[in-house]
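Have a look at the structure below, then the notes.
The values are calculated or read from the model by the stated rules, or taken from the named source; none is laboratory data. In this text, all values refer to a predicted model and were calculated from it rather than measured experimentally. So basically every Cβ, Gly included, is an ideal-geometry build from the backbone, and we count neighbours across all protein chains shown.
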Amino acid sequence: MHRKIFIEQLKRSKKTVFYLLLLIVATAFFVTSLNLYHNSTGNLQKAEETYSTLAVTELYGDIDQYGNLVEENSQTHVGYKAAAVKGYDISQIIGSESVESWDLRTQYGAYIEDRPALRGVTDDGMYVPRASGQLVRFRLIGQTPITLSLVEIQQPLIKLEILDDAAGCFRYQDTFRFHCFLTPKEVAGYADQIKQVNRSDETTALTLYPDVEYVACLWPGANWTWSAQEEGILEVCKEDKKGYKTDEIVDFNLCYPWTDYGNFHVAYDKDQEYLTYDDGYAMGSPFPLQRWEDVQNDPKLQSYYDKTWEDLKIQNYVYQVQLTNDITSVPAYHIGGASLSEGRMITSEEYLSGAKVCMVSEEMANFQNWEIGDKLNIHLFETFYQPAQQYDYSQPLWDSDTREFIHQGEYEIVGFYAKNPVTGNSGISPNTLDMSTFNIYLPEKSVPAVIPVEERYVHSSLFSVKIQNGSIDAFLDDMEAKGITTEQEGQFTPKFTFYDQGYSLVEPGLRAMNSTAKLLVVLSTALLLITSILIAYFFWQNQRQTVGIFRLLGGTKKQAVAAVLVCALLLCGIGAAVGGSVGYGVAQAIGSDIMEENVSHSERDSLFQAYVLPAQEEQESVVVTADPMLTLGACGSVLLFPLFLLGFVSADINKEPRELLPKSKA
């Protein structure tokens with residue numbers, strides 16, 4: 001009952017409205033500033049976690065056509081250009097204090113048993129094998145010999161019975177469309193061998209006889225599809241995905257056995273480690289069609305075909321593999337040129353433990369009929385790196401004379417990556433910012449016999465370094481101080497391209513907002529303290545007379561103190577509710593505007609030594625919203641008013657009641 005006296009007196013006092021307004025303003029200001037500071041601090045941390053800065057290295061020097069260092073203006077000098085360098089010492093680069101992690105990927109060939117490698121799917125839904133060369137043993141169907149021109153552009157239909165083939169993954173029909181992929185010059189170089197096949201003096205045409213077995217190197221162009229009866233078998237497609245019937249005819253394209261990207265024989269030069277192209281027999285290849293009996297009777301010829309048979313058997317199941325310690329450090333993946341489309345990423349624990357898991361492209365998984373959780377029995381072999389690949393579907397080459405399997409393991413597919421269009425560009429090699437559809441990514445530590453770092457190729461598509469966000473200048477200064485980026489004769493000079501995913505874009509705005517928010521927190525805290533002290537003092541001066549009268553009427557000290565505190569808490573509750581709501585709304589309304597203005601200003605005026613490529617997470621990372629729980633806690637700061645009030649009450653409550661009354665009325 002006694003509290004009503006004080007509450008009624010509070011309602012009648014005109015100063016109550018003034019006290020409330022002060023509490024509301026102080027609370028709203030404090031809530032707003034605290035929310036802005038919390039947001040800016042959280043967004044800075046989120047930006048650090050969301051974005052990463054990648055330094056891509058490219059090695060420049062005066063080189064010859066094979067990428068070897070030569071003297072400037074020498075006979076073999078082709079210019080000052082970038083090259084893939086084997087065994088370049090990266091220790092000083094990765095030893096920089098700015099470096100968080102690094103990844104020097106290694107490329108391998110991979111033979112996957114029972115998984116024929118496909119180059120892709122045509123618009124009509126039919127499959128194209130990746131390996132161009134095939135080797136088949138066959139005989140003519142029919143009783144009449146047929147003659148096939150080797151120099152005229154003709155495509156006659158022939159009927160053949162395929163007795164055996166090296167690939168083992170094709171089921172052929174009996175009708176073929178013949179075409180010779182050899183040039184007239186190459187045909188002329190095989191004159192003696194063609195006479196032997198024909199058993200005549202004819203050198204510009206082939207005569208095939210019934211009941212004679214032949215072996216031929218060819219490229220079986222056709223429309224293929226997966227067999228519904230046999231897993232891992234391709235058969236001639238009878239209709240495309242639109243329902244149109246096909247002619248069900250395979251192109252019998254006579255060519256060299258190791259055919260890659262066209263009509264050239266491909267050989268591996270062990271000394272120079274590059275692809276060379278030459279004509280026919282000069283590279284040790286016999287005429288690509290022979291009588292089987294001649295092969296059996298000639299030890300040299302038989303040895304050649306036996307080796308070619310085994311090599312082609314493997315080549316049709318060969319894929320590209322890269323070993324990595326972090327797939328997100330692949331430049332294309334880092335800038336958004338590829339992203340996870342299904343499954344999950346390889347985890348840091350799996351990279352460290354060398355778990356037998358892998359990631360493949362969504363596109364390749366679709367035409368290979370792979371699913372998440374499938375196991376791939378991978379046999380790895382070392383291959384040479386082609387930094388200037390002209391075709392996305394190029395394969396590592398298997399040659400049993402120079403290759404051996406260094407590792408075998410069963411790897412589980414845990415994720416698919418999808419290729420995305422990107423706008424990022426640079427002067428570095430085109431394939432640096434691309435991510436091959438045909439790469440299979442394995443944790444480096446899953447392969448025990450991995451190529452040592454000091455023997456690996458260093459190239460912009462293989463070597464990338466993650467540095468601390470905002471440390472581009474520090475990293476470059478460090479490289480300059482070590483003399484790494486200083487051009488020296490007879491040495492390769494690294495040049496760096498940086499991709500920071502947008503950190504440089506949002507960081508200045510976030511820093512500016514954080515500094516502003518800090519100042520606002522200091523000012524609002526000072527205002528809150530001063531306001532609480534002043535309100536407490538004047539509020540108590542207002543209440544002294546009421547307390548004095550109350551005690552003269554028989555009220556106790558405890559009752560008086562409790563009643564005053566109840567009134568103060570009522571003011572606090574209203575002030576906190578209204579002030580907190582206003583502060584929450586203001587933080588929501590102006591926070592995003594401040595952030596947008598800061599980011600816009602940074603985008604206009606800041607100069608970055610990096611390619612700023614905003615990641616998909618950008619909008620999430622710079623979001624500015626008021627925190628309900630933080631707002632609730634900030635509203636509790638108005639309790640400073642009753643705390644200070646208690647101090648003033650404690651100083652006077654023990655006085656005689658008459659001493660609390662105004663002096664003029666005592």
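Structure notes:
- Residue check for Ala474: outside the structural domain of Gln92 (by TED's automatic domain parsing), more than 24 Å from Gly575 (Cα to Cα) and surrounded by fewer than 23 Cβ atoms within 10 Å (Cβ to Cβ): no
- Which numbered condition Ala131 misses (of (1) modelled with pLDDT of 90 or more; (2) not β-branched (Val, Ile, Thr); (3) not in a helix (DSSP H, G or I)): (1)
- Number of residues in the range 477-510 that are in contact with a helix residue (DSSP H, G or I) (Cβ under 6 Å, 6 or more places away or on another chain), in a loop (DSSP other than H, G, I, E, B) and touching a residue at least 60 places away in the same chain (Cβ under 8 Å): the value is 3.
- Residue check, Ile530 exposed (fewer than 15 other Cβ atoms within 10 Å of the Cβ), farther than 30 Å from Phe381 by Cβ and either outside the structural domain of Ile378 (by TED's automatic domain parsing) or of a type in the set (Ser, Thr, Tyr) (or both): yes
- Unique residue being at pLDDT below 80 and over 18 Å from Lys15 (Cβ atoms) when the list is Gly483, Gly509, Gly583: Gly509
- When residues in the range 512-527 are screened for being surrounded by fewer than 16 Cβ atoms within 10 Å (Cβ to Cβ) and touching a residue at least 40 places away in the same chain (Cβ under 8 Å), 2 of them pass.
- In the range 324-345, the residues that are assigned to a strand (DSSP E or B) and either buried (at least 22 other Cβ atoms within 10 Å of the Cβ) or at pLDDT below 90 (or both): Thr324, Ala338, Ser339
- Hits in the range 169-193 - residues which are surrounded by 15 or more Cβ atoms within 10 Å (Cβ to Cβ) and acidic (Asp, Glu): Glu186
- Candidates Ile413, Ile467, Ile484 - the one that is over 22 Å from the mean Cα position of the chain (by Cα), assigned by TED's automatic domain parsing to the domain that holds Trp102 and surrounded by 15 or more Cβ atoms within 10 Å (Cβ to Cβ): Ile484
- Put simply, of Leu289, Leu254, Leu301 the only residue that is modelled with pLDDT of 85 or more and either out of contact with any helix residue (DSSP H, G or I) (no Cβ under 9 Å at 6 or more places or on another chain) or assigned by TED's automatic domain parsing to the domain that holds Gln368 (or both) is Leu254.
- Residues that are crowded, with 16+ Cβ neighbours inside 10 Å and among the hydroxyl-bearing types (Ser, Thr, Tyr) do not occur anywhere in the range 148-167.
- Per the conditions (1) at pLDDT below 85; (2) within 30 Å of the chain's Cα centre (by Cα), the sole criterion not satisfied by Thr497 is (1).
- The range 206-234: number of residues that are within 28 Å of Tyr304 (Cα to Cα) and in a strand (DSSP E or B): 14
- The lone exception for Asp201 - which of (1) buried (at least 18 other Cβ atoms within 10 Å of the Cβ); (2) of a type outside the set (Val, Ile, Thr); (3) assigned to a loop (DSSP other than H, G, I, E, B); (4) more than 48 Å from the chain's Cα centre (by Cα) it fails: (1)
Residues checked against (1) of a type outside the set (Gly, Ala, Ser); (2) modelled with pLDDT under 95; (3) touching a His at 6+ places or on another chain (Cβ under 6 Å):
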{"site": "Glu404", "(1), (2), (3)": "yes, yes, no"}
{"site": "Glu412", "(1), (2), (3)": "yes, no, no"}
{"site": "Gly427", "(1), (2), (3)": "no, yes, no"}
{"site": "Leu433", "(1), (2), (3)": "yes, yes, no"}
{"site": "Glu444", "(1), (2), (3)": "yes, no, no"}
{"site": "Pro448", "(1), (2), (3)": "yes, yes, no"}
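- Subset of the range 306-338 (residues that are over 17 Å from Arg403 (Cα atoms) and touching a strand residue (DSSP E or B) at 6+ places or on another chain (Cβ under 6 Å)): Gln322, Leu323, Thr324, Asn325, Asp326, Ile327, Ser329, Pro331, Ala332, His334, Ile335, Ala338
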